[in-house]
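The values are calculated or read from the model by the stated rules, or taken from the named source; none is laboratory data. Source: prediction; values computed, not measured. When we count neighbours, we look across all protein chains shown, and the Cβ atoms used for this are built from the backbone with ideal geometry, even at glycine.
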Amino acid sequence: MDTPIEVLHRVFGYDSFREGQQEIIEHVVQGGDALVLMPTGGGKSLCYQIPALVRPGVGVVISPLIALMQDQVDALRALGVRAGFLNSTQGIDERQAVEAAFVGGELDLLYLAPERLRADSTLRLLDRGDISLFAIDEAHCVSQWGHDFRPDYLALSGLHERWPEVPRIALTATATPATHAEISSRLGLDQARHFVAGFDRPNIHYRITAKSEPKRQLLEFLRTEHPGDAGIVYCLSRSSVEKIAEFLADNGIPAVPYHAGLDAATRAAHQSRFLREDGLIVVATIAFGMGIDKPDVRFVAHLDLPKSVEGYYQETGRAGRDGLPATAWMAYGLQDVVQHRRLALEGDEAHRRRQVLHLDAMLALCETAGCRRVMLLDYFGQELDKPCGNCDTCQAPPESWDATVPAQKVLSTVLRLARERRQKFGVGQIVDILLGKKTAKVLQHGHDALTVFGVGTELGNTEWHGVVRQLLAQGLLAVEPAHGALVLTDASADVLRGQREVRLRRDAPRPTRSRPSGGG
Ligand code: ADP
Ligand code: ZN
């Protein structure tokens, strides 16, 4: 029998294990159960593939990524591994051939879509073969609080009862401590060994900047820090993807769009250009990135706020896989918060609660005055013993200031406008009132007669927008779903009564319009 390291060399052609792999593999080879948290790209597949090759019998891999199964199996076969899959995309002949190979012991690995396990015929088939292990990939899909819940995963708790001697290894890249605990209990893995490996990506520099003119800010970031580099720019909507790609191309930066609205041939062409060419930028929705394994992505830029910290981590994690310095840059502003707060009010109760939790964690990361990496790793249950020195807040600690009085001004303006039944007002009107601007809309509604009119001249337009953004982020203001109007929260009252101090971080001053002159 080959040892794990021999299989690593002979079959996969790699010199050495990556962090965590060897321990996990040895544990499973010896028949132990394992729950593995390892970031995307960390090398989870080998953690079950090698034990499946070392142990007698067939390793059964449960994976929800049906679209990737064919590729995974082809890649394994190219290495001489006997692999097959069963999912709904197959014809009957193909399925029967795979089933026969499984029963005949002619497979090393069998990939199964989770819904297959609902069919009694699949369970009976598995009974007829010799199983070396169960690997449950994307194990966070069992969590109802996660972002990717799949009801079929709940049935996986039954594997252990039916095949108690077969070791199980569950793997995921995205798990907060709460999700981690939920995976463990739902899959009955409390007795399993838990491995948490290397979420830190020390070569990635994190930076989150206040959004003022996103296109210009992006261009400046690319020109000063990443000229000629390959990277990904993420936007929320298809139309902004198109616009930004065009804008970059117009400015002489090679860029192509990628989103689900493009036909399959165009998407495939853009993806393969990105993998092949040097220095191409892909402007994309989150549809782009699944399974992209390009080592020299030098930056990931976000022009819109990701929906969750998991999403942010996964997307930024596509930068710097080669270990060389890379940048995760994001421009984030008031409109992002308003939009997300509104989205978080849609759907059923459970969905809303989940969205709000995800959003609050993401906002906290954006608004923190502490080290971003410490906060990011803490989210995944990992501790960093000191600030990282490689993020914007470490390098230029933001000042915080006592914003209690400005906050009271905003909140009392919101309170006064809330008394008007006929119309709802957004942030623009509130700031205009505070600044004492006699715009048509202000005069039309008689808002120049309010006591708060013109009481806010100590701050400028941008600063007031920053104050509102941070009040929203801290939950001291809320967005009403129907009109997107600002409304007070329970916590607002304490501020208005002077019973609660408000501290905000001072946004970095806006860079000047002129091109920075080299050096820096
Ligand atoms: P994950 O499933 O954790 O996202 P993969 O298992 O797909 O990651 O591995 C990511 C990449 O790293 C793959 O290209 C894989 O071949 C490579 N890889 C994994 N382990 C090693 C290793 N020990 N040495 C070199 N490359 C490795
Ligand atoms: Zn830091």
**Report entry** Failed condition for THR404, given (1) touching a residue at least 40 places away in the same chain (Cβ under 8 Å); (2) surrounded by fewer than 21 Cβ atoms within 10 Å (Cβ to Cβ); (3) under 32 Å from the mean Cα position of the chain (by Cα)
**Finding:** (3)
Requested in this report: Could you please find all residues in region 26-60 being among the hydrophobic types (A, V, I, L, M, F, W, C) and either within 10 Å of ligand 1 (Cβ to nearest atom) or in contact with a His (Cβ under 7 Å, 6 or more places away or on another chain) (or both)?
Outcome: ALA34, LEU35, VAL36, LEU37, MET38, LEU46, CYS47, ILE50
Report task. For region 341-357, state whether one or more residues are under 17 Å from the mean Cα position of the chain (by Cα), within 16 Å of ligand 1 (Cβ to nearest atom), farther than 20 Å from VAL468 by Cα and not acidic (Asp, Glu). Result -> no
Report task. Could you list all residues from region 222-246 that are surrounded by 17 or more Cβ atoms within 10 Å (Cβ to Cβ) and touching a Lys or Arg at 6+ places or on another chain (Cβ under 8 Å)? Result -> HIS226, ASP229, ALA230, GLY231, ILE232, ILE244
Query raised in the report: Can GLN49 be described as over 26 Å from THR316 (Cβ atoms), surrounded by 20 or more Cβ atoms within 10 Å (Cβ to Cβ) and of a type in the set (S, T, N, Q)?
Result: yes
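I'd like the full set of residues that are among the aromatic types (Phe, Trp, Tyr) and more than 21 Å from ASP304 (Cα to Cα), limited to region 344-390. Spell out the reasoning first.
So in region 344-390, the residues among the aromatic types (Phe, Trp, Tyr) come out as 379-380.
PHE380 - this is the single residue of region 344-390 that is among the aromatic types (Phe, Trp, Tyr) and more than 21 Å from ASP304 (Cα to Cα).
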Report summary line: Within region 124-170, residues farther than 22 Å from LEU35 by Cα and surrounded by 16 or more Cβ atoms within 10 Å (Cβ to Cβ) come out as LEU125, LEU126, GLY129
**Report entry** Subset tally (residues that are at pLDDT below 95 and of a type in the set (A, V, I, L, M)) for region 392-413
**Finding:** 1
**Report entry** Considering residues of region 346-385 that are within 14 Å of ligand 2 (Cβ to nearest atom), in a helix (DSSP H, G or I) and of a type in the set (D, E, K, R) only, the residue surrounded by the fewest Cβ atoms within 10 Å (Cβ to Cβ)
**Finding:** ASP378
Query raised in the report: In region 429-464, what residues are in contact (Cβ under 8 Å) with a residue 40 or more places away in the chain and either within 24 Å of HIS483 (Cα to Cα) or part of a helix (DSSP H, G or I) (or both)?
Result: ILE430, VAL452, THR462, GLU463, TRP464
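Kindly check whether there is at least one residue in region 327-350 that is over 30 Å from GLY426 (Cβ atoms) and of a type outside the set (Gly, Ala, Ser). Step through it out loud before you land on a result.
Step one: list which residues in region 327-350 are over 30 Å from GLY426 (Cβ atoms), which gives 327-328.
The next check asks that each one be of a type outside the set (Gly, Ala, Ser); those that pass are 327.
Yes, there is a match, as at least one residue in region 327-350 is over 30 Å from GLY426 (Cβ atoms) and of a type outside the set (Gly, Ala, Ser).
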**Report entry** Total residues in region 306-324, condition part of a helix (DSSP H, G or I) and either touching a strand residue (DSSP E or B) at 6+ places or on another chain (Cβ under 7 Å) or of a type in the set (A, V, I, L, M, F, W, C) (or both)
**Finding:** 3
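So that you can scan it fast, the table gives a plain yes or no per residue for (1) away from ligand 1 (no atom under 16 Å from the Cβ); (2) over 21 Å from GLN49 (Cα atoms); (3) in contact with a Gly (Cβ under 7 Å, 6 or more places away or on another chain):
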| residue | (1), (2), (3) |
| --- | --- |
| PHE134 | yes, no, no |
| ALA139 | no, no, no |
| ASP148 | no, yes, no |
| PRO151 | yes, yes, no |
| LEU156 | yes, no, no |
| LEU159 | yes, no, no |
| ARG162 | yes, yes, no |
**Report entry** Count of region 271-297 residues which are buried (at least 20 other Cβ atoms within 10 Å of the Cβ) and closer than 20 Å to GLY252 by Cα
**Finding:** 6
Query raised in the report: Which of (1) of a type in the set (Lys, Arg); (2) farther than 27 Å from ARG500 by Cα; (3) within 16 Å of ligand 2 (Cβ to nearest atom) does ARG422 not meet, given it meets every other one?
Result: (3)
Query - Among the residues listed as ALA52, ALA67, the single one being under 23 Å from the mean Cα position of the chain (by Cα) and either of a type in the set (A, V, I, L, M, F, W, C) or within 16 Å of ligand 2 (Cβ to nearest atom) (or both) - result: ALA67
Query - Residue under evaluation HIS340, criteria (1) touching a residue at least 60 places away in the same chain (Cβ under 8 Å); (2) crowded, with 17+ Cβ neighbours inside 10 Å, criterion not met - result: (1)
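Yes or no: VAL61 within 27 Å of GLY188 (Cβ to Cβ), within 33 Å of the chain's Cα centre (by Cα) and in contact (Cβ under 8 Å) with a residue 60 or more places away in the chain?
Values: within 27 Å of GLY188 (Cβ to Cβ): yes; within 33 Å of the chain's Cα centre (by Cα): yes; in contact (Cβ under 8 Å) with a residue 60 or more places away in the chain: yes.
Taking the combined requirement at face value, the residue satisfies it.
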